[in-house]
Amino acid sequence: MNDANLPLQTAVHQLLARTPELTAAQLQVATGKSQPSISLALKALGLGQPNGAVHRLGAARSSRYALTQSIQGLPARHALLCNGPDGVPQHFGELTYLSGDRVHVRSGTHEWLTQGGLPWFLTPLQPQGFLGRELARLRPDFPADPERWSLAQLLYFVVNHVRDPSGAFGVDGPALSVPGAVRSEAPTLADACDRLAAQAGISLPAGSSAAGEQPKFLLREPDGTRWIVKFSPPRGTPFGERWHALLHLEKLALDVLQGHGVACADTRMVETATRTFLLSKRFDRSALFGYRHLVAAAAVHDHFVRAPRQHWVGTCRALQGQALLSPQGVDTAAQAFLFGQFIGNTDMHFGNLSFFVDNVARPRFEVAPIYDMLPMMWRPSIHSGSLDADPLRQPPVLAGFAAQADAARDWAVDYWQRAAVMDTLGSALQAVCGGNAQRLKTRFAGL
(Lines give C-alpha, C1' and ligand atoms only; values in the text may rest on other atoms or scores of the structure.)
Protein backbone atom coordinates (compact mmCIF):
# COMPACT_ATOMS: atom_id res chain seq x y z
CA MET A 1 0.00 0.00 0.00
CA ASN A 2 1.41 3.41 -0.96
CA ASP A 3 1.46 5.82 1.98
CA ALA A 4 0.77 8.68 -0.38
CA ASN A 5 -2.68 7.24 -0.97
CA LEU A 6 -3.66 7.04 2.70
CA PRO A 7 -5.16 10.56 3.00
CA LEU A 8 -7.26 10.07 -0.15
CA GLN A 9 -8.36 6.60 0.99
CA THR A 10 -9.45 8.12 4.27
CA ALA A 11 -11.31 10.92 2.52
CA VAL A 12 -13.10 8.50 0.20
CA HIS A 13 -14.02 6.24 3.10
CA GLN A 14 -15.38 9.17 5.09
CA LEU A 15 -17.42 10.42 2.13
CA LEU A 16 -18.98 6.98 1.60
CA ALA A 17 -19.70 6.71 5.31
CA ARG A 18 -21.77 9.90 5.11
CA THR A 19 -23.55 9.13 1.82
CA PRO A 20 -24.98 5.66 1.00
CA GLU A 21 -23.44 5.59 -2.48
CA LEU A 22 -21.46 7.86 -4.74
CA THR A 23 -20.21 7.77 -8.32
CA ALA A 24 -16.56 8.17 -9.22
CA ALA A 25 -17.40 11.59 -10.64
CA GLN A 26 -18.99 12.66 -7.36
CA LEU A 27 -15.93 11.46 -5.47
CA GLN A 28 -13.72 13.45 -7.84
CA VAL A 29 -15.71 16.62 -7.22
CA ALA A 30 -15.76 16.09 -3.44
CA THR A 31 -12.01 15.42 -3.20
CA GLY A 32 -10.69 17.48 -6.08
CA LYS A 33 -8.73 14.47 -7.29
CA SER A 34 -8.47 12.90 -10.75
CA GLN A 35 -10.33 9.82 -11.92
CA PRO A 36 -7.17 7.64 -11.85
CA SER A 37 -6.49 8.77 -8.27
CA ILE A 38 -10.04 7.88 -7.20
CA SER A 39 -9.71 4.49 -8.89
CA LEU A 40 -6.48 3.81 -6.97
CA ALA A 41 -8.10 4.86 -3.68
CA LEU A 42 -11.09 2.57 -4.28
CA LYS A 43 -8.80 -0.30 -5.15
CA ALA A 44 -6.77 0.32 -2.00
CA LEU A 45 -10.03 0.13 -0.01
CA GLY A 46 -10.57 -3.37 -1.36
CA LEU A 47 -12.81 -2.81 -4.36
CA GLY A 48 -13.22 -6.15 -6.11
CA GLN A 49 -11.74 -8.10 -3.19
CA PRO A 50 -13.78 -10.73 -1.29
CA ASN A 51 -13.54 -8.85 2.00
CA GLY A 52 -13.09 -5.35 0.64
CA ALA A 53 -14.49 -2.30 2.40
CA VAL A 54 -15.92 -0.89 -0.85
CA HIS A 55 -18.46 -2.47 -3.17
CA ARG A 56 -19.50 -1.51 -6.70
CA LEU A 57 -23.15 -1.19 -7.69
CA GLY A 58 -24.12 -0.91 -11.33
CA ALA A 59 -21.65 -1.12 -14.18
CA ALA A 60 -19.62 1.05 -16.52
CA ARG A 61 -20.79 4.70 -16.44
CA SER A 62 -23.65 3.88 -14.04
CA SER A 63 -21.26 2.50 -11.42
CA ARG A 64 -21.72 3.71 -7.84
CA TYR A 65 -19.70 2.82 -4.79
CA ALA A 66 -20.77 1.97 -1.24
CA LEU A 67 -19.20 0.70 1.95
CA THR A 68 -19.71 -2.90 2.96
CA GLN A 69 -20.80 -3.81 6.46
CA SER A 70 -19.92 -6.88 8.50
CA ILE A 71 -22.83 -9.22 9.24
CA GLN A 72 -22.35 -9.34 13.00
CA GLY A 73 -18.74 -10.43 12.61
CA LEU A 74 -19.29 -12.44 9.44
CA PRO A 75 -18.02 -11.26 6.04
CA ALA A 76 -20.28 -8.83 4.22
CA ARG A 77 -20.26 -10.84 0.97
CA HIS A 78 -21.62 -14.38 0.47
CA ALA A 79 -22.26 -16.60 -2.52
CA LEU A 80 -25.91 -17.10 -3.38
CA LEU A 81 -26.89 -20.56 -4.60
CA CYS A 82 -29.95 -21.74 -6.51
CA ASN A 83 -30.97 -25.40 -6.58
CA GLY A 84 -32.52 -26.66 -9.80
CA PRO A 85 -34.88 -29.50 -10.71
CA ASP A 86 -31.94 -31.91 -10.51
CA GLY A 87 -31.15 -30.77 -6.98
CA VAL A 88 -27.64 -29.63 -7.89
CA PRO A 89 -26.87 -26.19 -6.43
CA GLN A 90 -25.73 -23.66 -8.99
CA HIS A 91 -23.93 -20.40 -8.30
CA PHE A 92 -26.52 -17.65 -8.83
CA GLY A 93 -24.59 -14.62 -7.75
CA GLU A 94 -23.42 -12.74 -4.69
CA LEU A 95 -25.24 -11.16 -1.77
CA THR A 96 -23.49 -8.22 -0.09
CA TYR A 97 -24.49 -6.39 3.08
CA LEU A 98 -23.92 -2.65 2.70
CA SER A 99 -23.80 0.32 5.00
CA GLY A 100 -27.16 1.92 5.53
CA ASP A 101 -28.73 -1.47 6.31
CA ARG A 102 -28.95 -2.48 2.66
CA VAL A 103 -28.65 -5.74 0.72
CA HIS A 104 -27.23 -5.85 -2.79
CA VAL A 105 -27.57 -8.95 -4.95
CA ARG A 106 -25.76 -9.27 -8.26
CA SER A 107 -26.33 -12.09 -10.74
CA GLY A 108 -24.62 -11.53 -14.05
CA THR A 109 -26.01 -8.27 -15.43
CA HIS A 110 -28.97 -8.27 -13.04
CA GLU A 111 -28.96 -6.47 -9.71
CA TRP A 112 -31.29 -5.96 -6.77
CA LEU A 113 -30.84 -3.40 -3.98
CA THR A 114 -33.07 -3.29 -0.92
CA GLN A 115 -33.04 -1.32 2.28
CA GLY A 116 -34.02 -2.88 5.60
CA GLY A 117 -34.97 -6.27 4.15
CA LEU A 118 -34.25 -8.97 1.61
CA PRO A 119 -35.01 -8.78 -2.13
CA TRP A 120 -38.49 -10.15 -2.83
CA PHE A 121 -37.31 -13.49 -4.20
CA LEU A 122 -35.13 -14.18 -1.15
CA THR A 123 -37.90 -13.62 1.42
CA PRO A 124 -38.43 -17.41 1.78
CA LEU A 125 -35.09 -17.44 3.61
CA GLN A 126 -36.59 -15.44 6.48
CA PRO A 127 -37.95 -17.65 9.29
CA GLN A 128 -41.72 -17.18 9.45
CA GLY A 129 -44.74 -18.62 11.20
CA PHE A 130 -44.60 -21.45 13.69
CA LEU A 131 -41.63 -23.14 12.01
CA GLY A 132 -39.77 -19.84 11.99
CA ARG A 133 -40.39 -19.31 15.70
CA GLU A 134 -39.19 -22.81 16.45
CA LEU A 135 -36.07 -22.30 14.35
CA ALA A 136 -35.44 -18.97 16.08
CA ARG A 137 -34.92 -20.84 19.35
CA LEU A 138 -31.46 -21.66 18.00
CA ARG A 139 -30.57 -18.03 18.77
CA PRO A 140 -31.78 -17.24 22.31
CA ASP A 141 -29.69 -14.05 22.11
CA PHE A 142 -32.02 -12.74 19.35
CA PRO A 143 -35.64 -11.62 19.89
CA ALA A 144 -37.98 -14.62 20.12
CA ASP A 145 -40.07 -13.29 17.21
CA PRO A 146 -38.09 -13.27 13.92
CA GLU A 147 -40.27 -10.38 12.74
CA ARG A 148 -38.43 -8.21 15.27
CA TRP A 149 -34.93 -9.10 14.08
CA SER A 150 -32.66 -6.52 12.54
CA LEU A 151 -31.53 -7.12 8.99
CA ALA A 152 -28.05 -7.98 10.26
CA GLN A 153 -29.49 -10.57 12.66
CA LEU A 154 -31.58 -12.04 9.85
CA LEU A 155 -28.59 -12.33 7.51
CA TYR A 156 -26.47 -13.84 10.27
CA PHE A 157 -29.18 -16.42 10.93
CA VAL A 158 -29.61 -17.23 7.25
CA VAL A 159 -25.89 -17.89 6.80
CA ASN A 160 -25.54 -19.99 9.95
CA HIS A 161 -28.87 -21.74 10.51
CA VAL A 162 -31.34 -21.72 7.59
CA ARG A 163 -30.72 -25.01 5.81
CA ASP A 164 -34.05 -26.13 4.31
CA PRO A 165 -36.16 -23.06 3.50
CA SER A 166 -39.03 -23.06 1.08
CA GLY A 167 -38.07 -22.42 -2.51
CA ALA A 168 -34.76 -22.98 -4.24
CA PHE A 169 -32.34 -20.33 -2.96
CA GLY A 170 -29.75 -20.53 -0.21
CA VAL A 171 -26.81 -18.50 1.04
CA ASP A 172 -23.59 -20.49 1.03
CA GLY A 173 -22.39 -20.95 4.56
CA PRO A 174 -22.34 -23.32 7.54
CA ALA A 175 -26.09 -23.91 7.40
CA LEU A 176 -25.93 -25.56 3.97
CA SER A 177 -23.42 -28.13 5.19
CA VAL A 178 -25.90 -29.47 7.78
CA PRO A 179 -28.53 -32.03 6.68
CA GLY A 180 -32.15 -30.91 6.65
CA ALA A 181 -35.00 -32.39 8.65
CA VAL A 182 -34.96 -36.19 8.51
CA ARG A 183 -37.28 -38.90 9.69
CA SER A 184 -36.45 -40.21 13.14
CA GLU A 185 -35.42 -43.80 13.68
CA ALA A 186 -38.97 -44.65 14.81
CA PRO A 187 -40.23 -47.93 13.34
CA THR A 188 -43.31 -46.42 11.68
CA LEU A 189 -44.35 -43.08 10.22
CA ALA A 190 -46.93 -42.75 12.99
CA ASP A 191 -44.27 -43.24 15.67
CA ALA A 192 -42.04 -40.67 13.97
CA CYS A 193 -44.89 -38.15 13.92
CA ASP A 194 -45.67 -38.71 17.60
CA ARG A 195 -42.05 -38.22 18.62
CA LEU A 196 -41.51 -35.10 16.52
CA ALA A 197 -44.81 -33.59 17.68
CA ALA A 198 -43.81 -34.15 21.30
CA GLN A 199 -40.52 -32.35 20.65
CA ALA A 200 -42.18 -29.46 18.80
CA GLY A 201 -44.93 -29.14 21.40
CA ILE A 202 -42.70 -28.75 24.43
CA SER A 203 -42.83 -24.95 24.29
CA LEU A 204 -46.53 -24.62 23.40
CA PRO A 205 -49.32 -23.39 25.64
CA ALA A 206 -52.12 -25.89 25.99
CA GLY A 207 -53.91 -26.42 22.73
CA SER A 208 -52.23 -23.86 20.56
CA SER A 209 -49.04 -22.16 19.45
CA ALA A 210 -47.49 -18.75 19.52
CA ALA A 211 -49.66 -16.11 17.82
CA GLY A 212 -52.33 -18.71 17.08
CA GLU A 213 -50.25 -20.38 14.38
CA GLN A 214 -50.92 -24.07 13.90
CA PRO A 215 -47.98 -26.10 15.21
CA LYS A 216 -46.10 -28.09 12.60
CA PHE A 217 -42.78 -29.68 11.76
CA LEU A 218 -40.83 -30.80 8.69
CA LEU A 219 -40.36 -34.47 7.95
CA ARG A 220 -38.31 -36.24 5.32
CA GLU A 221 -38.82 -39.94 4.77
CA PRO A 222 -35.97 -42.29 3.84
CA ASP A 223 -37.20 -42.36 0.23
CA GLY A 224 -36.74 -38.59 0.01
CA THR A 225 -40.42 -37.60 0.29
CA ARG A 226 -40.67 -34.32 2.18
CA TRP A 227 -43.69 -33.30 4.22
CA ILE A 228 -44.92 -30.33 6.21
CA VAL A 229 -46.82 -31.87 9.09
CA LYS A 230 -49.57 -30.15 11.09
CA PHE A 231 -50.65 -31.81 14.29
CA SER A 232 -53.44 -31.54 16.80
CA PRO A 233 -53.08 -31.01 20.54
CA PRO A 234 -53.45 -34.26 22.51
CA ARG A 235 -56.67 -36.11 21.70
CA GLY A 236 -59.26 -36.35 24.43
CA THR A 237 -58.96 -32.62 25.17
CA PRO A 238 -61.43 -30.01 23.82
CA PHE A 239 -58.77 -28.32 21.67
CA GLY A 240 -57.40 -31.68 20.59
CA GLU A 241 -60.79 -32.88 19.38
CA ARG A 242 -61.53 -29.63 17.56
CA TRP A 243 -58.20 -29.63 15.73
CA HIS A 244 -58.66 -33.32 14.96
CA ALA A 245 -61.87 -32.30 13.17
CA LEU A 246 -60.31 -29.28 11.47
CA LEU A 247 -57.40 -31.27 10.08
CA HIS A 248 -59.84 -33.77 8.58
CA LEU A 249 -61.86 -30.87 7.17
CA GLU A 250 -58.69 -29.41 5.65
CA LYS A 251 -57.90 -32.65 3.85
CA LEU A 252 -61.48 -32.79 2.60
CA ALA A 253 -61.28 -29.23 1.28
CA LEU A 254 -58.13 -29.97 -0.70
CA ASP A 255 -59.62 -33.23 -2.00
CA VAL A 256 -62.75 -31.39 -3.21
CA LEU A 257 -60.70 -28.69 -4.96
CA GLN A 258 -58.46 -31.30 -6.59
CA GLY A 259 -61.55 -33.14 -7.77
CA HIS A 260 -62.56 -29.99 -9.65
CA GLY A 261 -59.19 -29.50 -11.31
CA VAL A 262 -57.57 -27.05 -8.87
CA ALA A 263 -53.99 -28.00 -8.04
CA CYS A 264 -53.57 -28.53 -4.30
CA ALA A 265 -50.96 -29.90 -1.93
CA ASP A 266 -51.06 -33.70 -1.81
CA THR A 267 -52.02 -34.74 1.69
CA ARG A 268 -52.47 -37.78 3.88
CA MET A 269 -53.82 -38.31 7.38
CA VAL A 270 -52.01 -40.13 10.16
CA GLU A 271 -53.77 -40.83 13.46
CA THR A 272 -52.15 -42.17 16.58
CA ALA A 273 -53.43 -42.85 20.06
CA THR A 274 -52.42 -39.34 21.09
CA ARG A 275 -52.72 -36.99 18.12
CA THR A 276 -53.98 -36.43 14.59
CA PHE A 277 -51.54 -35.41 11.85
CA LEU A 278 -52.05 -33.87 8.41
CA LEU A 279 -49.06 -34.44 6.15
CA SER A 280 -48.76 -32.09 3.16
CA LYS A 281 -46.21 -32.96 0.51
CA ARG A 282 -43.84 -30.11 -0.22
CA PHE A 283 -44.58 -28.93 -3.75
CA ASP A 284 -41.44 -26.78 -3.87
CA ARG A 285 -39.50 -30.04 -4.04
CA SER A 286 -39.64 -32.12 -7.22
CA ALA A 287 -38.65 -35.73 -7.80
CA LEU A 288 -36.24 -37.02 -5.18
CA PHE A 289 -33.89 -34.10 -4.77
CA GLY A 290 -35.22 -31.39 -7.09
CA TYR A 291 -36.23 -27.85 -6.21
CA ARG A 292 -38.59 -25.24 -7.59
CA HIS A 293 -38.61 -21.67 -6.38
CA LEU A 294 -41.63 -20.52 -4.43
CA VAL A 295 -42.50 -17.05 -3.07
CA ALA A 296 -45.43 -16.08 -0.86
CA ALA A 297 -48.04 -13.68 -2.20
CA ALA A 298 -47.08 -11.17 0.51
CA ALA A 299 -43.61 -10.58 -0.93
CA VAL A 300 -44.84 -10.65 -4.54
CA HIS A 301 -47.60 -8.12 -3.82
CA ASP A 302 -45.37 -5.76 -1.86
CA HIS A 303 -42.78 -5.64 -4.64
CA PHE A 304 -44.91 -5.66 -7.78
CA VAL A 305 -48.29 -4.16 -6.83
CA ARG A 306 -48.50 -0.45 -6.18
CA ALA A 307 -51.60 -0.63 -4.01
CA PRO A 308 -52.50 -1.84 -0.52
CA ARG A 309 -53.19 -5.53 -0.03
CA GLN A 310 -56.85 -6.40 -0.44
CA HIS A 311 -57.27 -10.10 -1.14
CA TRP A 312 -55.72 -12.84 -3.29
CA VAL A 313 -57.79 -12.02 -6.34
CA GLY A 314 -56.94 -8.32 -6.29
CA THR A 315 -53.25 -9.14 -6.23
CA CYS A 316 -53.55 -11.66 -9.05
CA ARG A 317 -55.51 -9.25 -11.23
CA ALA A 318 -52.82 -6.61 -10.71
CA LEU A 319 -50.14 -9.13 -11.69
CA GLN A 320 -52.12 -10.08 -14.78
CA GLY A 321 -52.32 -6.41 -15.71
CA GLN A 322 -48.54 -6.36 -15.82
CA ALA A 323 -48.37 -9.59 -17.86
CA LEU A 324 -46.79 -11.33 -14.86
CA LEU A 325 -49.61 -13.86 -14.38
CA SER A 326 -51.86 -15.62 -16.87
CA PRO A 327 -55.67 -15.22 -16.90
CA GLN A 328 -55.85 -18.88 -15.87
CA GLY A 329 -53.81 -18.00 -12.79
CA VAL A 330 -56.32 -15.32 -11.85
CA ASP A 331 -59.18 -17.80 -12.29
CA THR A 332 -57.42 -20.37 -10.11
CA ALA A 333 -56.89 -17.83 -7.33
CA ALA A 334 -60.49 -16.64 -7.63
CA GLN A 335 -61.88 -20.16 -7.48
CA ALA A 336 -59.81 -21.01 -4.41
CA PHE A 337 -60.61 -17.72 -2.70
CA LEU A 338 -64.35 -18.00 -3.32
CA PHE A 339 -64.39 -21.63 -2.25
CA GLY A 340 -62.56 -20.58 0.91
CA GLN A 341 -65.22 -17.99 1.63
CA PHE A 342 -67.97 -20.56 1.14
CA ILE A 343 -66.36 -22.97 3.60
CA GLY A 344 -65.67 -20.34 6.26
CA ASN A 345 -61.93 -19.92 5.77
CA THR A 346 -61.41 -16.66 7.62
CA ASP A 347 -57.61 -16.85 7.39
CA MET A 348 -56.78 -16.48 3.70
CA HIS A 349 -53.90 -14.12 4.39
CA PHE A 350 -51.01 -13.40 2.01
CA GLY A 351 -48.83 -16.12 3.46
CA ASN A 352 -51.41 -18.74 2.54
CA LEU A 353 -51.06 -18.25 -1.22
CA SER A 354 -47.78 -18.72 -3.06
CA PHE A 355 -46.40 -18.45 -6.56
CA PHE A 356 -43.86 -20.46 -8.49
CA VAL A 357 -41.28 -18.36 -10.31
CA ASP A 358 -38.60 -20.01 -12.42
CA ASN A 359 -36.66 -16.92 -13.52
CA VAL A 360 -36.45 -14.17 -10.92
CA ALA A 361 -34.60 -11.86 -13.32
CA ARG A 362 -37.54 -11.94 -15.76
CA PRO A 363 -40.35 -13.10 -13.51
CA ARG A 364 -43.57 -14.64 -14.66
CA PHE A 365 -45.65 -16.19 -11.92
CA GLU A 366 -47.71 -19.35 -11.63
CA VAL A 367 -50.16 -19.93 -8.80
CA ALA A 368 -48.74 -22.74 -6.67
CA PRO A 369 -50.92 -25.57 -5.36
CA ILE A 370 -53.45 -24.47 -2.77
CA TYR A 371 -52.78 -25.24 0.90
CA ASP A 372 -54.07 -24.28 4.37
CA MET A 373 -57.67 -24.40 3.17
CA LEU A 374 -60.09 -25.18 6.01
CA PRO A 375 -62.98 -23.63 8.03
CA MET A 376 -60.85 -21.39 10.20
CA MET A 377 -64.06 -19.80 11.52
CA TRP A 378 -64.09 -22.82 13.85
CA ARG A 379 -60.53 -22.44 15.07
CA PRO A 380 -60.43 -22.54 18.89
CA SER A 381 -59.80 -19.18 20.50
CA ILE A 382 -56.41 -19.14 22.20
CA HIS A 383 -57.58 -16.20 24.35
CA SER A 384 -61.03 -17.24 25.56
CA GLY A 385 -60.82 -20.99 24.98
CA SER A 386 -64.06 -20.74 22.99
CA LEU A 387 -65.02 -23.69 20.80
CA ASP A 388 -67.84 -22.08 18.84
CA ALA A 389 -69.32 -23.86 15.85
CA ASP A 390 -71.35 -21.02 14.42
CA PRO A 391 -73.01 -21.57 11.04
CA LEU A 392 -71.59 -20.12 7.84
CA ARG A 393 -72.30 -16.47 7.14
CA GLN A 394 -72.95 -15.03 3.71
CA PRO A 395 -69.66 -13.73 2.30
CA PRO A 396 -69.34 -10.45 0.36
CA VAL A 397 -69.69 -10.56 -3.41
CA LEU A 398 -66.48 -10.61 -5.46
CA ALA A 399 -67.29 -8.31 -8.38
CA GLY A 400 -66.52 -9.62 -11.84
CA PHE A 401 -66.36 -13.29 -10.92
CA ALA A 402 -69.98 -14.43 -10.97
CA ALA A 403 -69.26 -17.62 -12.93
CA GLN A 404 -66.41 -18.62 -10.65
CA ALA A 405 -68.58 -17.87 -7.62
CA ASP A 406 -71.36 -20.15 -8.90
CA ALA A 407 -68.90 -22.98 -9.45
CA ALA A 408 -67.19 -22.46 -6.08
CA ARG A 409 -70.57 -22.43 -4.36
CA ASP A 410 -71.46 -25.78 -5.90
CA TRP A 411 -68.11 -27.20 -4.79
CA ALA A 412 -68.72 -25.89 -1.28
CA VAL A 413 -72.18 -27.51 -1.17
CA ASP A 414 -70.50 -30.79 -2.06
CA TYR A 415 -67.89 -30.13 0.63
CA TRP A 416 -70.39 -29.47 3.40
CA GLN A 417 -72.56 -32.42 2.40
CA ARG A 418 -69.58 -34.75 2.56
CA ALA A 419 -68.49 -33.26 5.88
CA ALA A 420 -71.99 -33.81 7.29
CA VAL A 421 -71.54 -37.59 7.04
CA MET A 422 -67.99 -37.70 8.42
CA ASP A 423 -68.41 -39.52 11.72
CA THR A 424 -64.95 -38.42 12.83
CA LEU A 425 -66.27 -34.86 13.24
CA GLY A 426 -68.84 -35.75 15.88
CA SER A 427 -72.59 -35.24 15.68
CA ALA A 428 -72.59 -31.56 16.68
CA LEU A 429 -70.22 -30.45 13.92
CA GLN A 430 -71.88 -32.78 11.42
CA ALA A 431 -75.21 -31.07 12.04
CA VAL A 432 -73.72 -27.62 11.44
CA CYS A 433 -72.02 -28.87 8.26
CA GLY A 434 -75.36 -30.08 6.96
CA GLY A 435 -76.90 -26.72 7.78
CA ASN A 436 -74.12 -24.93 5.92
CA ALA A 437 -74.83 -26.98 2.80
CA GLN A 438 -78.46 -25.95 2.98
CA ARG A 439 -77.56 -22.29 3.46
CA LEU A 440 -75.47 -22.34 0.30
CA LYS A 441 -78.13 -24.19 -1.68
CA THR A 442 -80.71 -21.52 -0.82
CA ARG A 443 -78.16 -18.69 -1.14
CA PHE A 444 -78.86 -17.77 2.46
CA ALA A 445 -82.52 -17.08 1.67
CA GLY A 446 -84.53 -16.00 4.71
CA LEU A 447 -81.46 -15.63 6.93
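Residues that are over 17 Å from His311 (Cβ atoms), among the hydrophobic types (A, V, I, L, M, F, W, C) and in a loop (DSSP other than H, G, I, E, B) do occur in region 369-384, at least one of them. When every residue of region 233-247 is checked against the conditions, none turns out to be of a type in the set (Asp, Glu) and surrounded by fewer than 17 Cβ atoms within 10 Å (Cβ to Cβ).
Scanning region 205-216 turns up at least one residue that is in contact with a Leu (Cβ under 7 Å, 6 or more places away or on another chain), buried (at least 20 other Cβ atoms within 10 Å of the Cβ), modelled with pLDDT of 75 or more and assigned to a strand (DSSP E or B).
Residues in region 396-414 that are within 22 Å of Gln310 (Cα to Cα) and buried (at least 19 other Cβ atoms within 10 Å of the Cβ): Phe401, Gln404, Ala405, Ala408.
Annotation: Pro127 fulfils all but one of (1) buried (at least 16 other Cβ atoms within 10 Å of the Cβ); (2) modelled with pLDDT of 95 or more; the unmet one is (2). Just one of the listed residues (Ala299, Ala318) is closer than 25 Å to Gly93 by Cβ and in contact with a Leu (Cβ under 9 Å, 6 or more places away or on another chain), and it is Ala299. The requirement of being part of a helix (DSSP H, G or I) and in contact with a Leu (Cβ under 6 Å, 6 or more places away or on another chain) is fulfilled nowhere in region 260-276; no residue meets it.
The selection criterion, being outside any loop (DSSP other than H, G, I, E, B) and surrounded by fewer than 22 Cβ atoms within 10 Å (Cβ to Cβ), does not hold for Val330. Say whether the condition of being in contact with a Phe, Trp or Tyr (Cβ under 9 Å, 6 or more places away or on another chain), of a type outside the set (A, V, I, L, M, F, W, C) and modelled with pLDDT of 95 or more is met by at least one residue in region 58-68. Yes, region 58-68 has at least one match.
Here's the yes/no breakdown for (1) over 30 Å from the mean Cα position of the chain (by Cα); (2) over 26 Å from Leu353 (Cβ atoms):
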| site | (1), (2) |
| --- | --- |
| Leu40 | yes, yes |
| Gln49 | yes, yes |
| Ala53 | yes, yes |
| Tyr65 | yes, yes |
| Ser70 | no, yes |
| Leu74 | no, yes |
| Phe92 | no, no |
| Thr109 | no, yes |
| Arg133 | no, no |
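So that you can scan it fast, the table gives a plain yes or no per residue for (1) of a type outside the set (Gly, Ala, Ser); (2) farther than 30 Å from Gly290 by Cβ:
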position	(1), (2)
Phe342	yes, yes
Ser354	no, no
Asp358	yes, no
Val367	yes, no
Ile370	yes, no
Pro375	yes, yes
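Given the structure, is Ala307 part of a loop (DSSP other than H, G, I, E, B), modelled with pLDDT of 95 or more, of a type in the set (A, V, I, L, M, F, W, C) and over 30 Å from Gly87 (Cα atoms)? Spelling it out, Ala307 is indeed part of a loop (DSSP other than H, G, I, E, B), modelled with pLDDT of 95 or more, of a type in the set (A, V, I, L, M, F, W, C) and over 30 Å from Gly87 (Cα atoms).
For region 370-391, give me each residue that is at pLDDT 95 or above, over 29 Å from the mean Cα position of the chain (by Cα) and among the aliphatic types (A, V, I, L, M). Once the filter is applied, which keeps residues that are at pLDDT 95 or above, over 29 Å from the mean Cα position of the chain (by Cα) and among the aliphatic types (A, V, I, L, M), region 370-391 yields nothing. Only a single item in (1) more than 30 Å from Arg393 (Cα to Cα); (2) within 20 Å of the chain's Cα centre (by Cα) is not met by Ala298, and it is number (1). Among the residues of region 333-346, the ones that are part of a loop (DSSP other than H, G, I, E, B) and not hydroxyl-bearing (Ser, Thr, Tyr) come to 3 in all.
From the list Leu155, Leu113, the one residue that fits, being at pLDDT 95 or above, of a type outside the set (Lys, Arg) and surrounded by fewer than 19 Cβ atoms within 10 Å (Cβ to Cβ), is Leu113.
The values are calculated or read from the model by the stated rules, or taken from the named source; none is laboratory data. These numbers were taken from a predicted model, which means no experiment stands behind them. Glycine also receives a Cβ, built like all others from the backbone with ideal geometry; neighbour counts cover every protein chain displayed.
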